[in-house]
Structure formats: structure tokens, C-alpha cells
Amino acid sequence: MANGKVIVIGGGLAGLMTTVKALEAGLEVELFAYGPSKRSHSACAQGGLNAAVNTMGEGDTTWEHFDDSIYGGDFLANQTPVKGMCDTAPDIVYLFDRMGTMFNRSGEGRIQVRRLGGVQYHRTVFSGATTGQQLLYTLDEQVRRFEDEGMVTRYEGWEFLSAVQDDNGVCMGITAQELTSMEIRAFKADAVVMATGGPGMMFGETTNSTLNTGYAAAQAYMQGVKYANGEFIQIHPTAIPGADKNRLMSESARGEGGRVWTYKDGKPWYFLEEWYPAYGNLVPRDVASRAIFKVCVDLGLGVDGKNMVYLDLSHKDPKELDDKLGGILEIYEKFGGQDPRKVPMKIFPAMHYSMGGLWVDFDQMTNIPGLFAAGECDYQFHGANRLGGNGMLSAIYGGLSAGKGVVGYVKNQRPSDKSAALEQEVLKQKEDFKAILQMDGSENPYAIQNELGDWMTKNVTVVRYNDRLKKTDEKLQELTERFEKIKINNHNLWCNQNAVFIRQLWGRLQLARVVTLGALARDESRGAHYKPEFIERDDENWLKTTIADYSPNGPKLSYEEVDIQYIKPRVRKYDVDKEETMHA
Amino acid sequence: MPKTVQLKIKRQEVPESQPYWEEFEVPYQKNMNVISALMEIQLKPVNVKGQATTPVVWDCSCLEEVCGACSMIINNKARQACSALVDDLEQPITLEPLTKFPVACDLMVDRQIIFDYLKRAKAWIDVDGYFFSGPGPKVSETTRRFAYDLSRCMSCGCCMEACPNFNEKSAFMGPAIIGQVRLFTLHPTGQTSKDQRLEALGGKGGIGDCGNSQNCIEICPKGLPLRRAIGEMNREVFGYKVKKWLKAD
Ligand SMILES: Cc1cc2nc3c(=O)[nH]c(=O)nc-3n(C[C@H](O)[C@H](O)[C@H](O)COP(=O)(O)OP(=O)(O)OC[C@H]3O[C@@H](n4cnc5c(N)ncnc54)[C@H](O)[C@@H]3O)c2cc1C
């Protein structure tokens, strides 16, 4: 007999780590995802994972990692969980090392490290330039090992529809739909973990995978889970714009010596190096994205007068580049048609990551008892800006914590057996789905999605103005009204991707309002949230976590204190070394 | 006249129904790939005859050729739709589902069998547990490089599609599985438990069924070193069998 049953939704790093931890403790696991784990978005992560393993003898420490993360996040992250994450990071790397992840090695056969942004140490372990893929596969293999022993069942090709609560409000399972047969079913469990990734599709143009629908988190929010710091959206400075997706050129390109420049007065101008001498090309993402925006939009100095600057690796040794960055150079070559070993790449910022997400406590449990969240869908580890290499770390560490959290939770608490809630919720979900299949208005859901993406990208990314945020929220309400008039052009009861898309779109529209209104309310600049009308960070009024509660008329915002017990907030600037800011 | 892209797509409503061809014409954009052409159909599902139709169903995720989801046959070649740039393709572009896996709908197939075979081949490292107990074994950078190349296998199914010996009638697990077994017998910890994997690869559907057509080497979108992997595994499995035979005596 198993010690209890847990449902994990998501086969990315966070979901698989949770799964393995729960299985190890003897829990039975049912793992749900859109598809096989190897297709999860985590596979896209390129640059690497941060851990102060100090294999280069620079004297790097977990405290320094912790301080960089808090400083990089502009002091908005709760410090206790971030400290836990940084302290555990080297052990996490060694665990993956034991499980067979092929990290790049030094001459001595030890794990190699490189530099990423916002940091003055070599602290990022990597596996070529496809680190996420490698870490993901490692965990997937371990889950398969348990599958072979019959301890875990995978439901791949299923969409999570809703969490189900018993009469006391305790989470007792989920409803989900199989995306081929379109069958809707309820699944009972003692606890549920959401590890469903980021909401990238809300912005249309993003570096995220198409599976980053954000639907699961939106649904949880609409069911009463608090959504925290939604307005903090990371824009990655270096992506290649594309018709279907903006492909990322990892920060590791700069970590390995890549330089960002454009022409000024006919000569190359390395503006990041000039403006930020202490960190140069390796300033954090929010800083780099704003600088590129300034160069292109304000100064009109983009390459060929367009919204583009160069990211240049052509001065580096091509053999070394292949070893350390092969995966991403291949992407530029295949999709951009040019060889980045020879010519500079053309890049521009793009939506990349959501620091905000489902509110969780330090055991990764949401405000619904028995419903946990981990990975990019939670809000826990990055404050106002995430450092490169901390994303995967937080997904893995969050998964470890959620795994432990769930094990502890099911020991003491179980949902009631008697509730009819599961059956009722299945009926409701079936009704909702039927209603979508009958939508017979005049609006095209894909056109609404495109408008949503355009508005969010134009008004709620790098630079934010209150009047435009207001207009964006009005637009979102208009889109919500138009949503009701959608016409569906596919009535099949087999593989109906269009009906599923429409359902997801509804969730995205609700969540977009959380992001937009959170940004509108926050009259300051902090990390990735930048308002020219309020350019200073305002700790007195805004050193607090935004909490959004769902209501049918839009999110209700409230605020929560931030845990700053270890490091006192100080001014964040990257033109000078970090030490100087400590004595200021 | 604005430029357009012609597509000819093999469609199938349900697994039991007959496939049929449908043609489309979508607006051209610079740098577009097959995925963005399919997205255009999704936006406006009208075929070339001007008839309203259902949008085409396909599988995709990362759109940068690391997830393996969007394999299909494009102009008679199995490959990823995301990295298939329209400018490089002759038109009309023909799109068909992979043929070695059951079709779910249109271009979407069910590749579960790949993961079942990975299970059979015990393609993982047997660690003692998921607690923290220091670093793993040291690995030389040369070994790491070969292992990394093998471990980029996305389980996309292209090699199986191209392999004449991988089909409904045969139990052959396919080239990708051989590559993964090579990977896990390479790792120092994996070596200690390699017998169980060699057993699987020496048995039914194992490496003995490889006909050495080498199609896999050519088709693999990630350029995995499959030639070397298959050669080395042939030797290892042979050695394992001899050892077993000697022991049995
Ligand atoms: C291009 C790119 C490069 C990156 N590079 C780095 C890097 O170098 N270093 C770093 O630290 N971070 C990086 N990141 C960030 C990092 O990769 C992600 O934040 C992290 O992988 C997220 O992991 P996850 O487990 O939370 O979610 P994901 O990997 O996104 O997994 C989500 C899972 O949930 C499933 N799912 C979602 N919704 C549902 C639903 N409704 N029903 C059922 N299943 C569902 C999906 O199928 C998937 O399996 C990068 C991100 C991008 C976009």
C-alpha cells in the first residue's frame, strides 16, 4: 500500500523533481502533462544553472549567490526561501551529476562553470548550450525508472481543467481532459501539485514554448488561489524575432564573451560596456533590455534604423564556441540563416519569464490546503527580476520543496472521502466544454489572441506608462466581451485543438488583467517593472508583494510584507562593483 | 499580387478513417517556417478551393528543435516542422504524418512506443536515492563530449521513420534506443549496471535487428553519432553474450 496519492501537473523540471521526491517517500504519483515530459518547455533552457560550487577557486560562496539573487531581484523576494535555494544549489548540481547529467568538464574532469548576468563570479554549471534539455532528460529517465516499477502513472496528452475541493475547502483531486478523445474525468488524490510553467502565450511574442499557455495557473487563480507579483515580467534582452516565435539567444553568449553593440557616428558603439563598466555586457536582464530599448527607441540608433542591435561572438575561437555554445549557434544558423561564428547576430528584447505566479508558503503550498505549486508558475524566488541561471534552479528547488511539503502534508491531513464534489465538477466542466463547442458568434479566437499579445507586448513590457496601462486594461475588458461572441469552426469530438485553445484564451485574458492592473497600481520602478513617470524604487510605499484575488469584475489587489530578515535593502546599480553599494 | 505559400496536407480525421489530401494557400512572410504556415491555416481555415474546413491538427512545443514534438514528413523527408524554412522548400510543400506510428489526427501521431522501448532498455542511471551525498564520479571531457552528443536525442522518431527495419511487423526498437543504451553504458555509474541494458539490446528487437542501412545517421536532425554508437554496441553486446555463454558453462 502506498502512503498516499499525489497528483502532479507538469512534466517540466519542477514537476519531475516533485514526482521523484514523492515517489522516493513511497507516495503513489499520477503525473499529468500536455505531452511527454521530453517536450516540456524546460528543454528550451540554454545557458545553465547557478550554484556556488566554486570549482574555479574564486572564493564563491552560497551567501554571495544569495546576496546576488536578492540584489538582482531588487529586494522584493522573500529572503528565507531564496537563501534555502542558494544554500542547496551545489547539492542539487551534485545530485544531477550522480544521476548522469553531462555537465561540461574542466581539464581535471570536474564540473565547469561560466558567468551569467548580474554576477561577478563564474557560477553557472552547464551542459553545452542545452542545459535545460539535459537536466530535464535526467529527471525524465529517473521517473521512467519508477514507472518500470509501476509506482507512477503518466497521463500525457491531458489538460488540467480544475482543482476540486471537498466540503471543507481541502483539495481532493482534479478534473482533466484527454486531448485526443476529449474525455473529461475526475481524479482523486490526497494532494495536488501544480508545476505548469509560465504564462508566455499571454504576450503572443515570447521566447516560451507553445505549451506555456498559463491556463492552469489562470484556472487556479479563478478558483481562489492568490496570484502574487503578477506585474513582474522579465524581458530577455537578446532574442531573434520570428514569425512564429522569438527565439532566445542565451545570456551564456555574453557569458562566453559576446559583446552587444550598434553603430554610432559610423563606428561600433559598445553601449553596455560604456554605461556599466563594472558588469559590462553582463548586466542583469532588466538593465540590458532597457538599455537596448533606449538605444533603438529613444536614440534611434538601432541597426539599419530598425529595432535591432548586434550580439557579437565573431571575435571568438569557433572551436571553443562549438563546445560551449553549439546548441544556440545552431539555432541562429538554422533559423536566421547566418553563421554567428562569422557575423554578428541581430537581436532585440522579448518576453521571457514571469517572476510572479501562484502565491505559495515556504512549503510551496497555496492558500488552498492540499494544493501546492512549484516552478515558473509560482512566485517564490525572484522578486522583481530573475537572474539568468536561477530559473531552472528555482524550478528544481521548488520541486524538491514541494515534494517534501506534500510528503509532510499527507501524513497529517487527508481530504474527506465523502464529498460528491468530484462528480459535480466533472459535470460542470463537461457543460463548459459543450458551451464552447456551441459558440456561434462572429469573432475569431486567434484574432483575439493576436490582439491580446500585441497590446500586452506594446504596453506591459519594458517601459510602462499609467495612461497606456489603463487603456490596456480597457482593451482587455473589451476582448473579454468579444470573447463571448466567438465563432468556433471545429465541432469535432476528437483532437479538437480549437476548443481547447478557446478555453485557454479565457484564462489568459483574466491573468492579463492581473499583470496589467498590478503594474498600473505600482507607482515606482523596481527590477523589471519600469515607469518613466516614477523612476525611483520606493521602499517606503512599495517594498511589498502584490497579491491578486479573483473576482468576476477583475482582480482585487492587496499587499503583503516582504521577508527581509537577512539583507537590508540597498541601492541597486550595475555601473559599479557590488561592494561599493554596500558601503554607500 | 502578394506572395503566397502552397501547401498540400495529408489529413485524417480519426485513427480509423481514410486519409485524404487537402490543399491550402497562405500568405508568405519573410523567414517563415512550416509551423507559421500551419498557424496561418489555424487563423483562417479555408482550403485552396475557398471552402471552409477544419484547422489542421499538429503537435509542437519549443519551436527551436530541442523538444522533438513537431516531427512530420515534409516533401518526403521526416524532419522537424519548426526548422523547415519555407524559403528552402519546393512548393507545393507536402506535409504528411510519420508513417511508422499510429496517426491520432492529421499530422499528429502517437509515439508512446519510443518511451516504452526506453523503459525496456533501462535507459537511466541507477542512483541509490535522491538525497544529497556529494558529487558523482569524475568524467573526462572527451567522454563527456561523446555522451553529450548522444544525450541530445529528442525522441523525435525521425530515425525510426527512416529505418527500413523499424516497422509494424518487426520488434526492432530502433536506432535512437541503441544510442541511449550507448549513453548509459558510457557513464561510470551506468557501467556498473550495464548488463541489464545489454541483455535488452541483445534480445528480441535488439541490435541484432539492425540491418545497417545507415538511414538513421543521415536523417537525425541533431546529427547524433549513431554510427559510432551502433558499432560500439554491436561489439559490447557480442562481448556480453560470449561472457554469458562462458559463465553458463
Ligand atoms: C528559451 C528559454 C531559455 C531559458 N534558459 C534558462 C537558463 O539557461 N537557465 C535557467 O535557469 N532558466 C532558463 N529559462 C527558464 C526556465 O527554463 C523555466 O523557467 C523552467 O524550465 C520552467 O520549468 P517548469 O518545470 O516550471 O515548467 P515547464 O518546463 O514549462 O513545464 C510545464 C509543464 O506543465 C505542463 N502543463 C502546463 N499547463 C498544463 C495544463 N493545463 N494541463 C496539463 N499540463 C500542463 C506542460 O506540459 C509541461 O510539462 C529559460 C527559458 C526560456 C524560455
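In segment A:504-521 there is no residue matching the filter, namely being in the same structural domain as A:K430 (by TED's automatic domain parsing) and part of a loop (DSSP other than H, G, I, E, B). Within segment A:47-77, restricting attention to residues that are among the hydrophobic types (A, V, I, L, M, F, W, C) and part of a loop (DSSP other than H, G, I, E, B), which residue is nearest to the ligand (Cβ to nearest atom)? Here the answer is A:A51. What are the residues in segment A:148-193 that are assigned to a strand (DSSP E or B), open to solvent by 30 Å² or more (accessible area, probe 1.4 Å) and small (G, A, S), if any? Answer for segment A:148-193, where residues must be assigned to a strand (DSSP E or B), open to solvent by 30 Å² or more (accessible area, probe 1.4 Å) and small (G, A, S): just A:A186. Restricting attention to segment A:1-16, the residues that are aliphatic (A, V, I, L, M) and more than 8 Å from the ligand (Cβ to nearest atom) add up to 5. A search for C-beta distances below 9 Å between a residue of segment A:201-229 that is closer than 25 Å to B:C82 by Cβ and more than 8 Å from the ligand (Cβ to nearest atom) and any residue that is in a helix (DSSP H, G or I) and of a type in the set (F, W, Y), counting only pairs 6+ apart in sequence or on different chains, returns A:M201/A:Y215. State yes or no: is B:I125 within 14 Å of another protein chain (Cβ to nearest Cβ), at pLDDT 95 or above, outside any helix (DSSP H, G or I) and touching a Ser or Thr at 6+ places or on another chain (Cβ under 7 Å)? Yes; evaluated as a whole, the condition is true for this residue.
Within segment A:120-147, the set of residues being open to solvent by 10 Å² or more (accessible area, probe 1.4 Å) and more than 11 Å from chain B (Cβ to nearest Cβ) comprises A:Q120, A:Y121, A:H122. Residue count for segment A:410-441 satisfying the condition of being at pLDDT 95 or above, open to solvent by less than 100 Å² (accessible area, probe 1.4 Å) and part of a loop (DSSP other than H, G, I, E, B): 2. Across segment B:100-115, the number of residues qualifying as open to solvent by 50 Å² or more (accessible area, probe 1.4 Å), more than 10 Å from chain A (Cβ to nearest Cβ) and either outside any loop (DSSP other than H, G, I, E, B) or touching a helix residue (DSSP H, G or I) at 6+ places or on another chain (Cβ under 6 Å) (or both) comes to 2.
Under the condition of being out of contact with any Phe, Trp or Tyr (no Cβ under 7 Å at 6 or more places or on another chain) and open to solvent by 30 Å² or more (accessible area, probe 1.4 Å), the residues counted in segment A:546-562 number 9. Kindly indicate whether any position in segment B:42-64 is open to solvent by less than 10 Å² (accessible area, probe 1.4 Å) and either acidic (D, E) or over 18 Å from A:T210 (Cα atoms) (or both). Within segment B:42-64, one or more residues are open to solvent by less than 10 Å² (accessible area, probe 1.4 Å) and either acidic (D, E) or over 18 Å from A:T210 (Cα atoms) (or both). Remark: A:G100 matches the filter, which requires a residue to be within 11 Å of chain B (Cβ to nearest Cβ), crowded, with 24+ Cβ neighbours inside 10 Å and away from the ligand (no atom under 13 Å from the Cβ).
Residues that are open to solvent by 60 Å² or more (accessible area, probe 1.4 Å) and touching a strand residue (DSSP E or B) at 6+ places or on another chain (Cβ under 9 Å) within segment A:305-326 comprise A:K306, A:N307, A:H315, listed in sequence order. Restricting segment A:338-357 to residues that are more than 15 Å from the ligand (Cβ to nearest atom) and not in a strand (DSSP E or B) leaves a set whose member that is modelled with the lowest pLDDT is A:Q338. On the given criteria, is A:V93 within 15 Å of the ligand (Cβ to nearest atom), touching a residue at least 40 places away in the same chain (Cβ under 8 Å), of a type in the set (A, V, I, L, M) and more than 26 Å from B:T189 (Cβ to Cβ)? Answer is no for this residue. Among the residues making up segment A:247-272, those that are within 21 Å of A:V576 (Cβ to Cβ) and more than 28 Å from the chain's Cα centre (by Cα) are A:Y270, A:F271. Please verify whether segment A:258-265 includes one or more residues that are part of a loop (DSSP other than H, G, I, E, B) and surrounded by fewer than 24 Cβ atoms within 10 Å (Cβ to Cβ). Within segment A:258-265, one or more residues are part of a loop (DSSP other than H, G, I, E, B) and surrounded by fewer than 24 Cβ atoms within 10 Å (Cβ to Cβ).
Output the residues belonging to segment B:192-218 that are in a helix (DSSP H, G or I) and farther than 26 Å from A:G100 by Cβ. If the condition is that a residue be in a helix (DSSP H, G or I) and farther than 26 Å from A:G100 by Cβ, then B:G208, B:D209, B:N215, B:E218 are the ones that fit. Taking segment A:205-263 as the range and being aliphatic (A, V, I, L, M) and away from every other protein chain (no Cβ under 14 Å) as the test, the residues that pass are A:A216, A:A217, A:A218, A:A220, A:M222, A:V225, A:A228, A:I233, A:I235, A:A253, A:V260. Counting only residues that are of a type in the set (A, V, I, L, M) and within 12 Å of the ligand (Cβ to nearest atom), which one in segment B:61-77 is farthest from the chain's Cα centre (by Cα)? Of everything passing the filter in segment B:61-77, B:L63 is farthest from the chain's Cα centre (by Cα). Condition check: at the interface with chain A (Cβ under 7 Å from one of its Cβ atoms), open to solvent by less than 30 Å² (accessible area, probe 1.4 Å) and more than 27 Å from A:C44 (Cβ to Cβ). Does B:G134 satisfy that? When the stated conditions are applied, B:G134 passes them.
From the list A:E560, A:E579, A:E474, A:E524, the one residue that fits, being of a type outside the set (A, V, I, L, M) and within 18 Å of A:E451 (Cβ to Cβ), is A:E474. For the residues A:T80, A:T19, the requirement of being within 14 Å of chain B (Cβ to nearest Cβ) and either among the β-branched types (V, I, T) or in a helix (DSSP H, G or I) (or both) singles out A:T19.
Taken over segment B:116-131, the criterion of being open to solvent by less than 20 Å² (accessible area, probe 1.4 Å) and without any contact (Cβ under 8 Å) to a residue 60 or more places away in the chain is satisfied by B:G129, B:Y130. Limited to segment B:79-99, what total is found for residues that are outside any loop (DSSP other than H, G, I, E, B) and surrounded by fewer than 18 Cβ atoms within 10 Å (Cβ to Cβ)? The qualifying residues number 3.
The values are calculated or read from the model by the stated rules, or taken from the named source; none is laboratory data. No experiment lies behind these values; they were computed from the predicted model shown. Because the Cβ atoms are built from the backbone with ideal geometry, glycine has one as well, and the counts that use them run over all protein chains shown. The protein model used for the area step is the full one, side chains on, heavy atoms only, and it has no ligands, DNA or RNA in it. Shrake-Rupley method; radii C 1.70, N 1.55, O 1.52, S 1.80 Å.
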